[in-house]
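See structure below.
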Ligand SMILES: Cc1cc2nc3c(=O)[nH]c(=O)nc-3n(C[C@H](O)[C@H](O)[C@H](O)COP(=O)(O)OP(=O)(O)OC[C@H]3O[C@@H](n4cnc5c(N)ncnc54)[C@H](O)[C@@H]3O)c2cc1C
């Protein structure tokens with residue numbers, strides 16, 4: 001076992017760090033945060049650099065590397081700016097699903113458009129009545145001749161208000177367990193019967209617009225099906241592992257940003273004639289923050305590495321991803337809270353951006369599987385013995 005990254009992955013780290021430092025302007029981040037605007041210009045530049053999805057092959061507009069590289073881009077971007085880093089990389093949310101399950105035609109038509117920076121996309125699982133539990137859905141897909149008719153509502157869908165298209169998970173009829181009868185479709189937003197209702201007023205991640213996707217008698221054909229009918233739920237579960245590693249990496253980056261800021265502040269700020277870093281109560285916080293970050297990093301890289309391993313069971317990959325996401329997001333919350341404490345009253349104000357990191361970070365413990373659900377995923381693996389310590 002070697003604890004060092006390959007030179008090409010180190011290069012991805014250097015390139016993404018430099019890119020973020022050169023293009024992520026704090027003033028722009030604040031405007032994006034205040035106005036809830038997607039940073040299109042930066043998104044297009046990220047796409048030009050092939051940094052949107054390093055794990056997807058270059059022929060489809062990806063970076064041609066792997067998930068470890070993708071994880072590191074997320075870490076570096078959110079380390080420089082939590083709002084801009086999260087927003088631009090979420091622009092391609094769902095692209096991995098098209099890569100994993102799409103036909104060649106779908107990959108050329110949809111994947112390239114997103115990864116070239118011409119469009120963003122969405123992946124819609126959540127419904128008003130089904131959040132953590134998507135084993136049964138209210139959005140119905142009914143086959144009529146060679147057409148499919150879709151009806152339902154998806155909510156909290158990232159990018160829906162600004163996307164050209166997205167992926168929608170639907171329920172079909174079936175006589176046994178409902179999750180064995182789910183199907184995914186690629187839906188164009190300009191299709192008749194599709195209505196998007198933007199949802200404003202998020203606490204954080206405000207550069208990433210969300211909305212409801214309302215589907216009323218939307219007529220689709222076989223070409224819109226993504227993957228295999230009946231396998232939609234399993235395709236979603238597999239995709240969640242990738243999203244969870246990205247979320248873990250975002251949390252890691254935000255924690256690093258908070259630590260960088262806290263360390264700098266603590267070595268400058270004086271009280272009682274002493275630099276506050278020389279108070280053990282403060283320096284020990286920094287030591288604990290460092291440990292939480294190191295542990296998050298190891299778990300996140302391990303989970304990213306696992307996703308690239310062809311011979312590893314998908315269920316084991318999902319456990320590694322759940323552990324990384326649960327640990328990294330909860331640890332980052334503690335790290336950012338300690339950073340805010342080190343800043344004292346100044347941390348509570350907007351000026352030092354700690355409060356923005358905190359707001360951007362909070363939802364990472366909710367979406368892509370809440371912390372409670374991830375514990376359930378880990379326990380399921382232990383109980384069923386496909387994961388052992
Ligand atoms: C900013 C934002 C962006 C989002 N983007 C997307 C997106 O792009 N696509 C998409 O499909 N969804 C998206 N979501 C939805 C997100 O995935 C859901 O909010 C999340 O899965 C939780 O579902 P819920 O909100 O309905 O909460 P619920 O499932 O109702 O859960 C409520 C509480 O109960 C707990 N709970 C539920 N079941 C259990 C259990 N078995 N054991 C213990 N505790 C349990 C949960 O952990 C939580 O604390 C987004 C949400 C937000 C806030």
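The values are calculated or read from the model by the stated rules, or taken from the named source; none is laboratory data. As the structure is a computational prediction, the values presented were derived from the model and not from experiment. Neighbour counts are summed over all protein chains in view; Cβ atoms, including those assigned to glycine, are modelled from backbone coordinates with ideal geometry.
Looking only at segment 127-152, which residues are surrounded by fewer than 18 Cβ atoms within 10 Å (Cβ to Cβ) and within 15 Å of the ligand (Cβ to nearest atom)? Outline the logic, then answer.
Keep residues of segment 127-152 that are surrounded by fewer than 18 Cβ atoms within 10 Å (Cβ to Cβ), which gives 128-129, 131-133, 135-136, 138, 140, 142-147, 149, 151.
Selection gives 128, 129, 131, 132, 133, 135, 136, 138.
Could you check segment 1-42 and list, in sequence order, the residues that are touching a helix residue (DSSP H, G or I) at 6+ places or on another chain (Cβ under 8 Å), part of a helix (DSSP H, G or I) and closer than 18 Å to residue 91 by Cβ? Residues satisfying the conditions are 16, 19, 20, 23, 28, 29, 32, 33, 42. Restrict the check to segment 236-243 and report whether at least one residue is more than 19 Å from the chain's Cα centre (by Cα) and surrounded by fewer than 20 Cβ atoms within 10 Å (Cβ to Cβ). The answer is no, given that none of the residues of segment 236-243 is more than 19 Å from the chain's Cα centre (by Cα) and surrounded by fewer than 20 Cβ atoms within 10 Å (Cβ to Cβ). Of 331, 303, 321, all but one fail to be away from the ligand (no atom under 16 Å from the Cβ) and under 15 Å from the mean Cα position of the chain (by Cα); the exception is 303.
Within segment 254-274, restricting attention to residues that are out of contact with any helix residue (DSSP H, G or I) (no Cβ under 6 Å at 6 or more places or on another chain) and outside any helix (DSSP H, G or I), the residue that is surrounded by the fewest Cβ atoms within 10 Å (Cβ to Cβ) is 273.
Evaluation of residue 86 against the conditions (1) surrounded by 21 or more Cβ atoms within 10 Å (Cβ to Cβ); (2) more than 11 Å from the ligand (Cβ to nearest atom); (3) assigned by TED's automatic domain parsing to the domain that holds residue 12 shows that the sole unmet condition is (2).
Condition check ((1) outside the structural domain of residue 275 (by TED's automatic domain parsing); (2) more than 27 Å from residue 157 (Cβ to Cβ); (3) buried (at least 21 other Cβ atoms within 10 Å of the Cβ)) across all residues:
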site	(1), (2), (3)
318	no, no, yes
326	no, no, yes
330	no, no, no
344	no, yes, no
354	no, yes, yes
366	no, no, no
370	no, no, no
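Taking residue 285 as the residue in question, decide whether it is closer than 17 Å to residue 78 by Cα and modelled with pLDDT of 95 or more. For residue 285, the condition - closer than 17 Å to residue 78 by Cα and modelled with pLDDT of 95 or more - is not met. Scanning segment 219-241 for residues that are away from the ligand (no atom under 14 Å from the Cβ) and either within 28 Å of residue 37 (Cβ to Cβ) or assigned to a loop (DSSP other than H, G, I, E, B) (or both) yields 227, 228, 229, 230, 231. For segment 172-181, the criterion of being assigned to a strand (DSSP E or B) and either more than 13 Å from the ligand (Cβ to nearest atom) or under 22 Å from the mean Cα position of the chain (by Cα) (or both) is met by no residue.
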